[in-house]
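A.B. asks: For reference, the structure I am asking about is given below.
The values are calculated or read from the model by the stated rules, or taken from the named source; none is laboratory data. Given the structure is predicted, the values throughout are model-derived calculations rather than measurements. Glycine also receives a Cβ, built like all others from the backbone with ideal geometry; neighbour counts cover every protein chain displayed.
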Amino acid sequence: MSSGAVVAEGLRKRYGDKYALDGFDLEVRPGVVHGLLGPNGAGKTTAVRILSTLVRLDEGTARVAGFDVATRPAEVRRRIGLVGQYAAVDEVLSGRQNLEMFARLYHLPARQARERAGRMLERFSLANTGGKPVKTYSGGMRRRLDLAASMILAPAVLFLDEPTTGLDPRGRNEVWAAVRELADLGTTVLLTTQYLDEADQLASRISVVDHGRVIAEGTPDQLKSRLGGDRVDITVHDAADLGRAAALASRIAGAPAEIDTDNRRAGVRVAERVTVLADLLRELTAEGIAVEDIGLRRPTLDEVFLQLTEEVPA
């Protein structure tokens, strides 16, 4: 088995007559943020629960931080942190009291627990609010406190299971900043999310999960390249010119054009982005086609995900 920080081979987990995981394979290199991307019910949370020793696997093998999750669960637990979909902190206690409590639960002496709590409040930009009850915290602050609690013992591997569920944009950005800092400090992070922009922002490598197994894997750019390169979008001034503009785009790019009649827009995938754009502008001008907007666009993970999941049979 590989020496990755997290390695799973052929994982299967069955609930009744349905497999939540059905041949799930994964390798996460040390010191990176690795995203598990997929819709609800794809198997992401089940995978995390098995890898964090909360659920026993039915078939397959998995190792975390070098230890088998089935035969050495206690060793795995000593080396991981886990942040679930909802904050697990006590709302009555202050942020500092929460962190000191977690440290004491990990058997740190009282003085060391206080020192560690103080350092974590500083790291996660909570020092100014550490003395306030958690019930006064915003959603993003609670999630940062949750992250701080999971890092009390500086785990080698941190599992984040949809950590920004229910947060507003500001709260999500706060959590993203904290995750980036953890990765910069050398923590291996396995992040599950159904937000494609979140995976794109944070993960250096992504595994797309559907129907209990990984159906694609790579860097965000590698996954996007599966759609065949960049795209040129043209919005014409007069809807009557849309067909001619689409035909020009298709001929110059050597690929079929997609037409959005409602928005007077045509788009085409391109390999030579700058050359096609320059040639297309010249031809549109020569043909007297008035253009309201024209531009290059990279494929999005949303488009990649939709294509990949459409290809996989249920």
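A.B. asks: Anything in the stretch 211-230 that is assigned to a strand (DSSP E or B) and either out of contact with any helix residue (DSSP H, G or I) (no Cβ under 9 Å at 6 or more places or on another chain) or more than 29 Å from GLU272 (Cβ to Cβ) (or both)? List them, or say none. Break it down into steps so the answer makes sense when it comes.
C.D. replies: Residues of the stretch 211-230 assigned to a strand (DSSP E or B): 213-218, 230.
Result: ARG213, VAL214, ILE215.
A.B. asks: Tell me yes or no: at least one residue of the stretch 201-210 is assigned to a helix (DSSP H, G or I) and over 30 Å from THR285 (Cα atoms).
C.D. replies: The answer is yes; a qualifying residue exists.
A.B. asks: If you don't mind, there's one more thing I want to ask. Identify the single condition in (1) surrounded by fewer than 21 Cβ atoms within 10 Å (Cβ to Cβ); (2) within 23 Å of ALA65 (Cβ to Cβ) that LEU158 does not satisfy, given that it satisfies every other one.
C.D. replies: (1)
A.B. asks: I've got another one for you. Just one of ASP184, ASP200, ASP168, ASP210 is without any contact (Cβ under 8 Å) to a residue 24 or more places away in the chain and among the acidic types (Asp, Glu); which is it?
C.D. replies: ASP184
A.B. asks: Further, regarding this structure: Out of curiosity, is SER3 exposed (fewer than 15 other Cβ atoms within 10 Å of the Cβ), touching a residue at least 60 places away in the same chain (Cβ under 8 Å) and more than 24 Å from ASP200 (Cβ to Cβ)? Spell out how you get there, then give the answer.
C.D. replies: On the way: exposed (fewer than 15 other Cβ atoms within 10 Å of the Cβ): yes; touching a residue at least 60 places away in the same chain (Cβ under 8 Å): yes; more than 24 Å from ASP200 (Cβ to Cβ): yes.
When the stated conditions are applied, SER3 passes them.
A.B. asks: Looking at THR261, THR275, THR285 in this structure, which one is out of contact with any helix residue (DSSP H, G or I) (no Cβ under 8 Å at 6 or more places or on another chain), loosely packed, with under 12 Cβ neighbours inside 10 Å and among the β-branched types (Val, Ile, Thr)?
C.D. replies: Of the residues listed, the single one that is out of contact with any helix residue (DSSP H, G or I) (no Cβ under 8 Å at 6 or more places or on another chain), loosely packed, with under 12 Cβ neighbours inside 10 Å and among the β-branched types (Val, Ile, Thr) is THR285.
A.B. asks: If you don't mind, another one. Given the conditions (1) surrounded by fewer than 21 Cβ atoms within 10 Å (Cβ to Cβ); (2) touching a residue at least 12 places away in the same chain (Cβ under 8 Å); (3) assigned to a helix (DSSP H, G or I); (4) within 28 Å of the chain's Cα centre (by Cα), and given that GLU122 satisfies all but one, which numbered condition is not satisfied?
C.D. replies: Only one criterion is unmet by GLU122, namely (2).
A.B. asks: May I pose another question? Would you be able to tell me the number of residues in the stretch 139-195 that are touching a strand residue (DSSP E or B) at 6+ places or on another chain (Cβ under 7 Å) and of a type outside the set (D, E, K, R)?
C.D. replies: The qualifying residues number 20.
A.B. asks: Turning to a different aspect of this structure: Being small (Gly, Ala, Ser) and assigned to a loop (DSSP other than H, G, I, E, B) narrows it down to one of ALA247, ALA154, so name that one.
C.D. replies: None of the others qualify; the one that does is ALA154.
A.B. asks: Taking the stretch 263-308 on its own, how many of its residues are over 13 Å from ARG226 (Cβ atoms) and polar (S, T, N, Q)?
C.D. replies: Going through the stretch 263-308 one residue at a time, the tally reaches 3.
A.B. asks: Within the stretch 137-148, is there a residue that is at positive phi and either loosely packed, with under 15 Cβ neighbours inside 10 Å or in contact (Cβ under 8 Å) with a residue 12 or more places away in the chain (or both)?
C.D. replies: Here is the first cut: in the stretch 137-148, the ones at positive phi are none.
Checking the stretch 137-148: not a single residue is at positive phi and either loosely packed, with under 15 Cβ neighbours inside 10 Å or in contact (Cβ under 8 Å) with a residue 12 or more places away in the chain (or both).
A.B. asks: Within the stretch 239-247, is there a residue that is more than 25 Å from the chain's Cα centre (by Cα) and surrounded by fewer than 12 Cβ atoms within 10 Å (Cβ to Cβ)?
C.D. replies: Residues of the stretch 239-247 more than 25 Å from the chain's Cα centre (by Cα): 239-247.
Right, trim to surrounded by fewer than 12 Cβ atoms within 10 Å (Cβ to Cβ) and you get 239-240.
Checking the stretch 239-247: at least one residue is more than 25 Å from the chain's Cα centre (by Cα) and surrounded by fewer than 12 Cβ atoms within 10 Å (Cβ to Cβ).
A.B. asks: Of all residues in the stretch 78-107, which are over 23 Å from the mean Cα position of the chain (by Cα) and within 22 Å of SER3 (Cβ to Cβ)?
C.D. replies: ARG78
A.B. asks: ASP262 is checked against (1) modelled with pLDDT of 90 or more; (2) among the acidic types (Asp, Glu); (3) more than 30 Å from ARG12 (Cβ to Cβ); (4) not in a loop (DSSP other than H, G, I, E, B) and fails just one. What number does that condition carry?
C.D. replies: (4)
A.B. asks: Considering only residues that are aliphatic (A, V, I, L, M) and more than 9 Å from the chain's Cα centre (by Cα), look in the stretch 195-216 and name the one that is surrounded by the fewest Cβ atoms within 10 Å (Cβ to Cβ).
C.D. replies: Per the criteria, the residue is ILE215.
A.B. asks: Where in the stretch 18-115 are the strands (runs of 3 or more DSSP E), entirely inside, with at least 2 residues that are surrounded by fewer than 19 Cβ atoms within 10 Å (Cβ to Cβ)? Give the steps one after another, and end with the answer.
C.D. replies: On the way: elements: 18-28, 33-37, 59-64, 80-83.
The qualifying strands (runs of 3 or more DSSP E) are 18-28, 59-64.
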